[in-house]
Amino acid sequence: MEKRPVWTIDISKLPPLHNQGLWTGLKTVVMIVSERRLWNKTTTEARFYLSSLRSNAAQIALAIRSHWGLENSLHWTRLCYIL
């Protein structure tokens with residue numbers, strides 16, 4: 001079982017980032033915390049993204065999931081047939 005809540009914050013609500021001027025069009029900082037439970041082990045991982053999209057967690061979550069769906073579909077799949 002895996003949970004991936006998404007949080008976003010408008011860049012204007014944060015103190016200036018290091019070299020923020022180099023990030024043309026930066027509007028949002030995104031954080032996703034993945035919690036994965038497998039048998040008796042739970043792992044947690046936080047990932048951060050910078051985005052030019054408006055601060056909308058649902059929209060950004062969809063964009064990230066769509067990207068990973070595309071990325072995963074590019075990997076070779078090995079098929080085994082039993083005759």
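Return the only residue of S55, S12, S34 being in contact with an Asp or Glu (Cβ under 6 Å, 6 or more places away or on another chain) and modelled with pLDDT of 90 or more. Only one candidate passes the filter, namely S55. Looking across region 13-48 at every residue that is in contact with a helix residue (DSSP H, G or I) (Cβ under 7 Å, 6 or more places away or on another chain) and not aliphatic (A, V, I, L, M), the one that is farthest from M1 (Cα to Cα) is identified as K27.
Checked against (1) surrounded by fewer than 10 Cβ atoms within 10 Å (Cβ to Cβ); (2) modelled with pLDDT of 90 or more, S73 passes all but condition (2).
The values are calculated or read from the model by the stated rules, or taken from the named source; none is laboratory data. Just so it is clear, the model here is predicted, and its values are computed rather than measured. Cβ: placed from backbone, ideal geometry, glycine included. Neighbour counts: every protein chain shown.
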